[in-house]
Structure formats: structure tokens, C-alpha cells
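Here the structure is laid out as C-alpha cells; the discussion comes afterwards.
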Amino acid sequence: MTGATAFDERFDLLRESDQAGDQAIALTRQVAQAVERDFRLALNEDNGGMFVTHVAIAVQRLIDGVALDTPPAVVLAEARALSGEWAYAEKLAASLTTALGKTVPEGEIGYLTLHLARLKQEANG
């Protein structure tokens, strides 16, 4: 994130609309920082807005005990084929599971994988 405040306005909107609370936003910031560090890219509103929104809302739903959507089987298969991104998404999911005490479902790992693949593709042109 270009500075700690790259997504502050987006996070404020998510908070104000009751789509994500402080804990979900704090965990989303940690995920975004890990992605920046490990993928060596700078997230900003243009390339990372959809990603952080998805993560924040998904984390809030986990906190609230609301079921997360499962992607269609073909989408999940496509995500699994991205082995490097899938493995990294599993690491992110494990850290969220540790923080929340709730298991991140496989479908959410698939969605994270697809977001990560998009971020890497955009960064590499």
C-alpha cells in the first residue's frame, strides 16, 4: 500500500455501511501488507481496491458466522491450477484462521487465489 492510508477511504465506507468492522479491516490491512511484501508490489486503489474490499467483507462474514459463497466447480478448478497463488492463499487463510479461530472455507481460498493471480498479472504487465 502506498502508505498506511492507501485504502482508508474505502475502509471508512465499508465501516459506515456496516459491511466490515474494525477487526475485519485490521486483518485486511495485514493481508494487504503481506501481499505487498511477498509479491513485491504496491497496492493502491486502482489495482487493489477490489481485493481489499473482497477480503474485508469475507473476513467480516467469517467473524459474524455468515456462510461464504462457494464458487462454481469450474472456477475452483481454475484457481487450483494456479498452484503458486493457491499455496499462498492457503497461507493467508491459515493466518486468518489463527486470528479468528474460524476456518476459512476452500471456496474463499479459491477467490483469494484468483485475486492474487490478477494482481500478479497486472504487476507483470
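Kirkwood radius and radius of gyration were both taken over the C-alpha atoms of the chain, and their ratio Rg/Rh is 0.94. The residue among Val66, Met50, Ile109 whose Cα reaches farthest toward the positive pole of the charge dipole of the chain, with charges on the beta-carbon of Lys, Arg, Asp and Glu, is Ile109.
Taking Ala34, Ala20, Ala93 as the candidate residues, the one with maximal mean-square fluctuation in a Gaussian network model of the chain, Cα springs under 10 Å, is Ala34. Seen from Ala93, the other residues with C-beta closer than 15 Å to its C-beta sum to a net charge of -1, counting Lys and Arg as +1 and Asp and Glu as -1.
Under the criterion of Cα pairs below 8 Å and six or more residues apart, the relative contact order for segment 8-123 equals 26 percent. For segment 107-117, the Karplus equation 6.51 cos²θ - 1.76 cosθ + 1.60, evaluated at θ = phi - 60°, returns couplings of x, 5, 4, x, 5, 4, 4, 5, 4, 4, 4 Hz by residue, with Gly and Pro reported as x. Rounded to the nearest 20 debye, the dipole size of segment 8-123 about its Cα centre is 400 debye, using +1 on the Cβ of Lys and Arg and -1 on the Cβ of Asp and Glu.
The 3J(HN,Hα) values that the Karplus relation (6.51, -1.76, 1.60; θ = phi - 60°) gives for segment 54-69 are, in residue order, 4, 4, 4, 5, 5, 5, 4, 5, 4, 4, 7, x, 8, 4, 8, 5 Hz. Gly and Pro appear as x. Label zone of Asn44 (point 7 Å out along Cα→Cβ, amide N under 14 Å): in segment 87-125 this covers 123.
The sum of -39500 (n - 2.57) across all DSSP H runs of n ≥ 4, divided by the residue count of the chain, sets its helix-only mean residue ellipticity at 222 nm to -24000 deg cm²/dmol. In this structure, Gln33 and Glu78 have a Cβ-Cβ separation that, at R0 = 30 Å, corresponds to a calculated FRET efficiency of about 0.65. For segment 24-49, list residues with backbone N below 20 Å from a point placed 7 Å from the Cα of Asn124 toward its Cβ? Of the residues in segment 24-49, 34-44, 47-48 have backbone N under 20 Å from the label point off Asn124.
Bear in mind these aren't lab numbers, they're just calculated from the coordinates by the rules spelled out. Note that the structure is a prediction, hence the values are computed from the model and not measured. Here Cβ is always computed from backbone atoms with ideal geometry, including for glycine, and neighbour counts include all displayed protein chains.
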